[in-house]
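*Asks:* The following block contains the structure, expressed as structure tokens.
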Amino acid sequence: MKTTDVMEVPIYGLTEAAQYLRVPLNTLRYWVQGGGSVSPVVRLAASDPSRLSFANLLECYMLSSLRGI
């Protein structure tokens, strides 16, 4: 298995990822599901059920760090 394959395995649930990232669950949900006419910012590794990969977690970490600027 290649490193890129391992990084794309859908393993983290939304609640778990929000806790790791220390962001509100609603914020994370908005990033991955969008809202109204707003498209998602992060494309989930798996959508039913919603699961994030490690690569998704890194993307969300970058978004959370940009929120603090």
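The values are calculated or read from the model by the stated rules, or taken from the named source; none is laboratory data. Because the structure is predicted, anything quoted here is derived from the model rather than measured. Positions of Cβ are generated from backbone atoms using ideal geometry, with glycine treated the same way; all protein chains shown enter the neighbour counts. What goes into the accessible areas is simple: the full protein's heavy atoms, side chains included, and nothing from ligands, DNA or RNA. Shrake-Rupley method; radii C 1.70, N 1.55, O 1.52, S 1.80 Å.
*Asks:* Select the helices (runs of 4 or more DSSP H) contained entirely in the range 8-69, then report the ones holding at least 1 residues which are in contact with an Asp or Glu (Cβ under 8 Å, 6 or more places away or on another chain) and of a type outside the set (Ser, Thr, Tyr). Full working, then the answer.
*Replies:* Working: elements: 14-21, 25-33, 54-67.
Once the helices (runs of 4 or more DSSP H) in the range 8-69 are filtered for at least 1 residues that are in contact with an Asp or Glu (Cβ under 8 Å, 6 or more places away or on another chain) and of a type outside the set (Ser, Thr, Tyr), what remains is 54-67.
*Asks:* While we're here: Report the residue count in the range 25-40 for those that are in contact with a helix residue (DSSP H, G or I) (Cβ under 7 Å, 6 or more places away or on another chain) and not hydrophobic (A, V, I, L, M, F, W, C).
*Replies:* 2
*Asks:* Checking residue 5 against (1) open to solvent by 80 Å² or more (accessible area, probe 1.4 Å); (2) at pLDDT below 90; (3) in a helix (DSSP H, G or I), which single condition isn't satisfied?
*Replies:* (1)
*Asks:* It is to be established whether one or more residues within the range 50-63 are out of contact with any strand residue (DSSP E or B) (no Cβ under 9 Å at 6 or more places or on another chain) and open to solvent by less than 70 Å² (accessible area, probe 1.4 Å).
*Replies:* Yes, that holds for at least one residue.
*Asks:* Right, next: Return the pairs, sorted by first residue and then second, in which the second residue is of a type outside the set (A, V, I, L, M) and in a loop (DSSP other than H, G, I, E, B), the first residue lies in the range 40-65 and is farther than 14 Å from residue 9 by Cβ, the beta carbons are less than 7 Å apart, and the residues are 6+ apart or on different chains.
*Replies:* Within 7 Å, the pairs are 40/34.
*Asks:* Follow-up question, since we're still on this one. Just name the residue that is modelled with the lowest pLDDT out of those in the range 8-17 that are β-branched (Val, Ile, Thr) and open to solvent by 70 Å² or more (accessible area, probe 1.4 Å). Write out each step before concluding.
*Replies:* Initial filter on the range 8-17 (β-branched (Val, Ile, Thr)): 9, 11, 15.
With the extra rule that they be open to solvent by 70 Å² or more (accessible area, probe 1.4 Å), the set shrinks to 11, 15.
On the way: 11: 94, 15: 97.
The selected residue is 11.
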